[in-house]
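To start, I am sharing the structure in question, which I have written as structure tokens.
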Amino acid sequence: MSSSKVQRRHFVAGIAGASILTSAANAVNARKTLSPLDPIADLPMAYRKLRYTMGDGLVMWWFQGMKYGQRDAKFQPMYGVETCNWNRVKQLPAGGFSVTVLECAFYTDLSTGKVLRRLDNPYTGRAVDIPYAVVGPVTAKYDAKSNLIPLTEIGGSRIQMNATSGPMNVLGDTLWMKTRNDFQIFPKSGGAERQVNEWATYVADVGEIADPAVTSILATVDLVEVTTWPKCLDMAGQPGAMMGQISGQKVSRFEKRRARRRLAEVISRRCRIR
């Protein structure tokens, strides 16, 4: 695998047109008898059910969005971004859980939608190559309250992390939960550190969150991220930053073989490293 990597970032995060089946059939009927959620006491459970699953299992997320260059409060569309990641969840003896993540990201031309291999950088006027590589697998651990135990290294590079979840809010049948991640990556090869800031809002059905019989639910997310310039753009010393606006959806399992075949085709075509 090439060492010219896709930027390593916290488990980021396209919307897939796949058919999804995520919750027990009796969840709607049970909703009226469920106890209301406590925004403090139920936060760890709600976070794990939104992001992953309450038991051992595999969860996949699809993300799709756009990356912008930012300078002097002005934004320049750069390219589309699509990401899929696979999350293997395992319960730990002390009450926490681990998540092993494998992620495949690729960028797309804004005009054609095709996978981007080369980009004319509008800030420098120079053409640059866009590198690709599968990221991971990387294993992270959470404690019994669903707090991420910060990683200290990813792919040989030192990392400093700060991750927070909450608050969560309920309006009618809808629950929103906000998270924030910020971290610095210090490349093992030396050079400038990278700063990544990510704000996410997860949305799901409050009845499914509150139902103990439902272990994994359909959830969506909207992400905003601000980062230093990626190395591949050759923007060393240039002012400004990159901003991403991305939406995603969790996929628990697929109802039909056709959807599974379509998923396999997309992964094969988009995630192939040449």
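Scan segment 227-241 residue by residue and report those that are within 15 Å of GLU193 (Cβ to Cβ) and not in a loop (DSSP other than H, G, I, E, B).
Correct list: THR227, LYS231, ALA241.
A further question on this structure: Of everything in segment 51-85, what is among the aromatic types (Phe, Trp, Tyr), part of a strand (DSSP E or B) and crowded, with 20+ Cβ neighbours inside 10 Å? Give them in sequence order.
TRP61, TRP62, PHE63
Working carefully through the options VAL170, VAL128, VAL101, find the one that is hydrophobic (A, V, I, L, M, F, W, C), in a strand (DSSP E or B) and touching a Gly at 6+ places or on another chain (Cβ under 7 Å).
VAL101
Something else now. Could we say that ALA236 is surrounded by fewer than 17 Cβ atoms within 10 Å (Cβ to Cβ), more than 22 Å from the chain's Cα centre (by Cα) and of a type in the set (A, V, I, L, M, F, W, C) here?
yes
Would you mind finding the one in ARG48, ARG88 that is surrounded by 16 or more Cβ atoms within 10 Å (Cβ to Cβ) and either in a strand (DSSP E or B) or over 18 Å from the mean Cα position of the chain (by Cα) (or both)?
Selected residue: ARG88, the only one of ARG48, ARG88 that is surrounded by 16 or more Cβ atoms within 10 Å (Cβ to Cβ) and either in a strand (DSSP E or B) or over 18 Å from the mean Cα position of the chain (by Cα) (or both).
Every number in this text was worked out from the coordinates using simple rules, so none of it is lab data. For clarity, every value in this text was computed on a predicted model and none was experimentally measured. Glycine also receives a Cβ, built like all others from the backbone with ideal geometry; neighbour counts cover every protein chain displayed.
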